[in-house]
There are 2 protein chains.
Amino acid sequence: MIAPKPKKSLNPSTLLAPLPVVLVSCRGLAGSEMDKPNLITLAWAGVINSDPPMVSVSIRKSRYSHQQIVDTREFVINLVNQPLLKATDYCGVKSGRETDKFADCELTPVTAEGLSIAPAVAQSVLSLSCQVRQIMELGSHDCFIAEIIAVQAATELFDKQGRLRLDKAGLVAFSHGHYYGLGEMLGFFGFSVASKKVLAKRMPKKVKGEE
Amino acid sequence: MIAPKPKKSLNPSTLLAPLPVVLVSCRGLAGSEMDKPNLITLAWAGVINSDPPMVSVSIRKSRYSHQQIVDTREFVINLVNQPLLKATDYCGVKSGRETDKFADCELTPVTAEGLSIAPAVAQSVLSLSCQVRQIMELGSHDCFIAEIIAVQAATELFDKQGRLRLDKAGLVAFSHGHYYGLGEMLGFFGFSVASKKVLAKRMPKKVKGEE
């Protein structure tokens, strides 16, 4: 039994953690002033529906990428692993209005499956092609409600049986202003009610450690 | 420079990772059949706005908690750390229609600051009191758009200077069906453009390691 925790009140704030950190790629309308590939880093991103697969990403109106995505209704979510982290942090600080973030970070825009305008980041291990379905104005941010229409994952992430091993990707989480690697695997969905046989197969170290 | 990754296409799915895993607490309307404290575990949760602070959580219509939250328009997001993980997994598998998850997991419902109906979980290190502003029907899930109106954090998480040290909480992330502890701190927001002085102060081990 876990002891109840005495609590202290804080001002209301966005203290949900950990969060994803993603590198979003986009591009302005063809022929417009904004017709160039751009990147923005976001932690205000999440899954909101399973079928159809949908995500939300929230962006301040002042950001260059905001107008590009409003105009084209397309963006790509590129997952961030440790080799991509420094570039990802940079893309969260700098503005596409002043610099070419793809060039600055030595990243390559490539065609994103299913989209006609927004590029994917060639160096990311996994990209989600997203089409905007709705934009909600919430205050500081606009929330883009989007459907995932295609997924592309690095071939290096598949095992011999052809299964996606996202645990091998070295993904990064965001928590209270800091980036963290993922640490120890603590369980799988349903482990609390799984049989000993299933636990021994799926969490061999844990089961041995408890004996 | 990072090499571009050859990619393989997958069917569209919710492969955004890592994600938060949260224990949401709620309660039905007073006097109704559903007037009992309940818990549901969600990974489809995220921040969607900074000012006012807002979150989204998505829940299937079939879940018991769904109707409770629709009726009361209140819920609490309780952050999950390692001691709370087994209970959290259990609450994602079981239904409040058939069992009392607070009792099963030896958890205690307590008053959540700012709310009149939904309780918080006394054993969680941090609770966000949420009021629903809008419900979006997306398909498999309904997405609850909510404002965070109060935050309560365990006193044990504050250092001598009174600063919240969420890094001491042992929070858990969810990725591709598995739970993970947070591992190494890899940087802070803005580290890619920070001065050596700031880096030496905020990431002493990293800076030393690079020398």
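The values are calculated or read from the model by the stated rules, or taken from the named source; none is laboratory data. Bear in mind the structure is a predicted one, so any value in this text is a computation, not a measurement. We place every Cβ from the backbone using ideal geometry, glycine too, and count neighbours over all the protein chains shown.
With the condition kept exactly as written, say whether any residue in the stretch A:3-10 is among the hydroxyl-bearing types (Ser, Thr, Tyr), facing chain B (nearest Cβ under 9 Å) and in a strand (DSSP E or B). Yes: the stretch A:3-10 contains one or more residues that are among the hydroxyl-bearing types (Ser, Thr, Tyr), facing chain B (nearest Cβ under 9 Å) and in a strand (DSSP E or B). For the stretch B:83-98, give me each residue that is more than 7 Å from chain A (Cβ to nearest Cβ) and of a type outside the set (Lys, Arg). Correct list: B:Ala87, B:Thr88, B:Cys91, B:Ser95, B:Gly96, B:Glu98. Pairing each residue of the stretch B:190-206 that is hydroxyl-bearing (Ser, Thr, Tyr) with any residue that is surrounded by 11 or more Cβ atoms within 10 Å (Cβ to Cβ), provided the two are 6+ apart or on different chains, yields C-beta distances under 8 Å for B:Ser192/A:Lys86; B:Ser192/A:Ala87; B:Ser192/A:Asp89; B:Ser192/A:Tyr90; B:Ser192/A:Val93. Residues in the stretch B:49-69 that are outside any helix (DSSP H, G or I), buried (at least 18 other Cβ atoms within 10 Å of the Cβ) and more than 7 Å from chain A (Cβ to nearest Cβ): B:Val57, B:Ile59, B:Arg63. Here B:Leu15 does not qualify as in a strand (DSSP E or B), hydrophobic (A, V, I, L, M, F, W, C) and either at the interface with another protein chain (Cβ under 7 Å from one of its Cβ atoms) or in contact with a Cys (Cβ under 6 Å, 6 or more places away or on another chain) (or both). When you look at A:Arg73, is it of a type in the set (Lys, Arg) and either crowded, with 16+ Cβ neighbours inside 10 Å or within 30 Å of B:Gly139 (Cβ to Cβ) (or both), yes or no? Criteria met by A:Arg73.
Restricted to the stretch A:161-211, and to residues there that are at the interface with chain B (Cβ under 7 Å from one of its Cβ atoms) and of a type in the set (Gly, Ala, Ser), the residue that is nearest to A:Ser127 (Cα to Cα) is A:Ala173. From the list A:Asp159, A:Asp142, the lone residue that is under 23 Å from B:Pro18 (Cα atoms) and touching a His at 6+ places or on another chain (Cβ under 8 Å) is A:Asp142. The set of residues in the stretch A:82-115 being closer than 19 Å to A:Glu33 by Cβ and not in a helix (DSSP H, G or I) consists of A:Lys94, A:Ser95, A:Gly96, A:Arg97, A:Glu98, A:Thr99, A:Asp100, A:Pro109. Of all residues in the stretch B:105-118, none are in contact with a Leu (Cβ under 6 Å, 6 or more places away or on another chain) and either modelled with pLDDT of 95 or more or of a type in the set (Ser, Thr, Tyr) (or both).
One residue stands out in the stretch B:29-48 among those that are touching a residue at least 60 places away in the same chain (Cβ under 8 Å) and outside any strand (DSSP E or B): the one that is surrounded by the fewest Cβ atoms within 10 Å (Cβ to Cβ), namely B:Ala30. Cβ separations smaller than 8 Å between residues 6+ apart or across chains give the following pairs from the stretch A:105-120 residues that are over 17 Å from B:Pro12 (Cα atoms) to residues that are modelled with pLDDT under 95 and not small (Gly, Ala, Ser): A:Glu106/B:Met1; A:Glu106/B:Ile2; A:Leu107/B:Ile2. Is at least one residue of the stretch A:145-160 more than 7 Å from chain B (Cβ to nearest Cβ), among the basic types (Lys, Arg) and within 19 Å of B:His178 (Cα to Cα)? Within the stretch A:145-160, none of the residues are more than 7 Å from chain B (Cβ to nearest Cβ), among the basic types (Lys, Arg) and within 19 Å of B:His178 (Cα to Cα). The set of residues from the stretch B:129-179 being under 22 Å from B:Asn49 (Cα atoms) and of a type in the set (Phe, Trp, Tyr) comprises B:Phe144, B:Phe174. Among the residues of the stretch B:121-147, those identified as under 21 Å from A:Leu10 (Cα atoms) and aliphatic (A, V, I, L, M) are B:Val121, B:Ala122, B:Val125, B:Leu126, B:Leu128, B:Val132, B:Ala146.
Evaluation of B:Pro119 against the conditions (1) on the phi > 0 side of the Ramachandran plot; (2) under 18 Å from the mean Cα position of the chain (by Cα) shows that the sole unmet condition is (1). State whether the residues of the stretch A:114-137 include one that is charged (D, E, K, R) and touching a Ser or Thr at 6+ places or on another chain (Cβ under 8 Å). No, there is no match, as no residue in the stretch A:114-137 is charged (D, E, K, R) and touching a Ser or Thr at 6+ places or on another chain (Cβ under 8 Å). The residue that is farthest from the other protein chains (Cβ to nearest Cβ), among those in the stretch B:128-142 that are surrounded by 23 or more Cβ atoms within 10 Å (Cβ to Cβ) and touching a residue at least 60 places away in the same chain (Cβ under 8 Å), is B:Cys130. Only residues that are buried (at least 18 other Cβ atoms within 10 Å of the Cβ) and out of contact with any Lys or Arg (no Cβ under 9 Å at 6 or more places or on another chain) were counted in the stretch A:182-211, giving 2.
Tallying residues that are part of a loop (DSSP other than H, G, I, E, B) and away from chain A (no Cβ under 13 Å) within the stretch B:70-81 yields 1.
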